[in-house]
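All remarks here apply to the structure that follows.
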Amino acid sequence: MNRATTPQHVTDVVAISDRVLRNYWVTQTYADLSRALATRLAPDTVNWCTFGCWASATVGASMRGEAMPAWLRDRVRLPDGLMGALAASTRHHGLSAVVAHLLDGLRPEHVLDVVRELLGEMAVNLSNGNTEVFAEIAPPAATLLAHDAASPEARAAVLAACAGAPELDGENWLAVGYGHWLDALDEPDPTRRSQLVLAGSLRLGGHEQNHLQPAIAGAMDMGVDESTARLRARLERDDPAVADASTDLDRALEPVARALGDAWGTIMTEAYGVWQSPEGTWRLDHDVPAPAGPFVPVDVVDPVVTDLAALRSRFDRADASGRGSAARDWESFEERMNFITNLFVSRHHALDLLAEPFDAATRAALEADTVPPEPA
């Protein structure tokens with residue numbers, strides 16, 4: 001497969017069966033769409049696909065486990081921490097001798113099996129979400145680029161590619177966002193043009209985050225919700241008598257499940273709660289770092305595009321320097337959009353984000369239909 005920004009190329013990327021290879025191609029295609037859109041829309045601005053490129057690269061690193069932190073190994077591979085809580089439970093909760101005996105069969109590998117399963121499901125969820133968003137946002141972008149200029153035919157084709165997208169607040173935010181970008185193509189005033197690009201990006205950001213809301217909420221809750229049942233399933237597999245003592249056993253397993261749930265919350269913060277780009281790795285539960293210039297670009301300070309003013313009023317909870325932009329609650333759509341709004345506004349002219357996401361060797365491997373080797 002060769003690099004391209006055509007609708008057919010987007011279709012071909014979505015059809016790749018290998019999840020790892022597909023993520024690499026999603027990331028690369030976002031980068032190519034991003035640069036082509038910047039040229040067409042406003043060369044001194046970036047756009048949603050720019051941010052989508054680096055978000056997809058972050059997803060890929062999480063899927064591949066490239067940044068697995070040391071604390072994870074310490075917490076799930078050393079049995080003392082988790083099994084110690086379990087031993088205290090059996091002593092102080094008045095469990096039956098049968099349940100206490102069954103708990104003796106809970107081995108460290110049971111806990112590791114559960115963590116491996118959860119991590120595997122997280123990787124699949126990340127992959128699915130990344131592909132679903134690409135399959136919605138990339139086709140209209142490729143369609144826009146396939147037309148030489150703004151025209152009724154171009155507008156109709158782009159909006160047709162947005163048809164059927166999930167609605168938010170009774171509107172198709174994907175179509176509204178691309179409508180702003182189509183308006184930007186014909187806008188002679190540079191300030192208004194720049195603001196139309198930003199308003200379009202924010203609409204696409206809202207669409208993306210709304211689409212991913214169920215997956216993010218489910219993934220955040222997975223550790224606590226699933227741990228007890230999965231641990232019990234492993235004991236039942238080894239000893240059928242477990243099924244007769246399930247109520248007491250669930251109570252006994254609660255400390256282990258809570259420990260796993262606590263660890264899982266940190267895992268999800270690392271996986272969903274970071275954004276990697278040429279500027280470094282940022283955590284979404286921290287404020288957006290200050291850029292080299294003004295946090296709010298000069299041409300964005302006073303909105304002349306009504307929808308841009310409305311979007312910033314709804315989502316932006318930070319001050320003019322970005323303080324208060326952190327998303328403290330990962331499951332909150334509004335909190336994530338606060339961070340994203342400040343990210344998009346402060347980096348609206350950050351042209352370094354248009355850089356290639358991969359080195360030449362990685363790009364060559366992709367074009368040879370080969371999964372690139374993992375970094376050393």
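The values are calculated or read from the model by the stated rules, or taken from the named source; none is laboratory data. Just so you know, these numbers come straight off a predicted model, no measurement behind them. Don't worry about glycine lacking a Cβ; one is built from the backbone with ideal geometry, like all the others, and counts go over all protein chains shown.
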Original post:
So residue 175 clears everything in (1) in a helix (DSSP H, G or I); (2) farther than 21 Å from residue 341 by Cα; (3) free of Cβ contacts under 8 Å to residues at least 24 places away in the same chain except one condition, right? Which one?
Top reply: (2)
**OP:** Scan 319, 307, 329 and give me the residue that is within 20 Å of the chain's Cα centre (by Cα) and acidic (Asp, Glu).
**Re:** 329
Original post:
residue 357 fails exactly one of the following numbered conditions: (1) without any contact (Cβ under 8 Å) to a residue 60 or more places away in the chain; (2) in contact with a Cys (Cβ under 8 Å, 6 or more places away or on another chain). What is the number of that condition?
Top reply: (1)
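Quick one: how many residues across the stretch 165-192 are among the small types (Gly, Ala, Ser) and farther than 21 Å from residue 304 by Cα? First the steps, then the outcome.
Narrowing the stretch 165-192 to residues among the small types (Gly, Ala, Ser): 165, 170, 175, 177, 179, 184.
Of the ones still in play, those that are also farther than 21 Å from residue 304 by Cα are 165, 170.
Going through the stretch 165-192 one residue at a time, the tally reaches 2.
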Original post:
Out of 199, 271, 241, 219, which single residue is surrounded by 15 or more Cβ atoms within 10 Å (Cβ to Cβ), at pLDDT below 65 and assigned to a helix (DSSP H, G or I)?
Top reply: 271
Original post:
If you scan the stretch 305-331, which residues turn out to be outside any loop (DSSP other than H, G, I, E, B) and aliphatic (A, V, I, L, M)?
Top reply: 308, 309, 310, 311
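Given the structure, is residue 357 touching a helix residue (DSSP H, G or I) at 6+ places or on another chain (Cβ under 6 Å) and under 25 Å from residue 32 (Cα atoms)?
On the way: touching a helix residue (DSSP H, G or I) at 6+ places or on another chain (Cβ under 6 Å): yes; under 25 Å from residue 32 (Cα atoms): yes.
The answer is yes for residue 357.
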**OP:** Have a look at 27, 50, 39 and point out the one that is surrounded by fewer than 13 Cβ atoms within 10 Å (Cβ to Cβ) and modelled with pLDDT of 85 or more.
**Re:** 39
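Identify all residues within the stretch 53-70 that are part of a helix (DSSP H, G or I) and at pLDDT below 95; write none if there are none. Talk me through it step by step, then tell me what you get.
Restricting attention to the stretch 53-70, the residues satisfying the condition of being part of a helix (DSSP H, G or I) are 53-63, 70.
Scanning the stretch 53-70 gives 55, 56, 57, 58, 59, 60, 61, 62, 63, 70.
Taking into account only those residues within the stretch 185-196 that are part of a helix (DSSP H, G or I) and not hydroxyl-bearing (Ser, Thr, Tyr), which is nearest to residue 350 (Cα to Cα)?
Filtering the stretch 185-196 down to residues part of a helix (DSSP H, G or I) leaves 185, 190-196.
Applying the additional criterion that residues be not hydroxyl-bearing (Ser, Thr, Tyr) yields 185, 190, 192-193, 195-196.
Working: 185: 20, 190: 17, 192: 18, 193: 17, 195: 15, 196: 17 Å.
Here the residue is 195.
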Subject >> the stretch 332-373, residues that are under 21 Å from the mean Cα position of the chain (by Cα), of a type in the set (D, E, K, R) and in a loop (DSSP other than H, G, I, E, B) >> reply: 347, 356
Original post:
Quick one: residue 35 ticks every box in (1) in a helix (DSSP H, G or I); (2) touching a residue at least 40 places away in the same chain (Cβ under 8 Å); (3) out of contact with any Cys (no Cβ under 9 Å at 6 or more places or on another chain) bar one, so which box is it?
Top reply: (3)
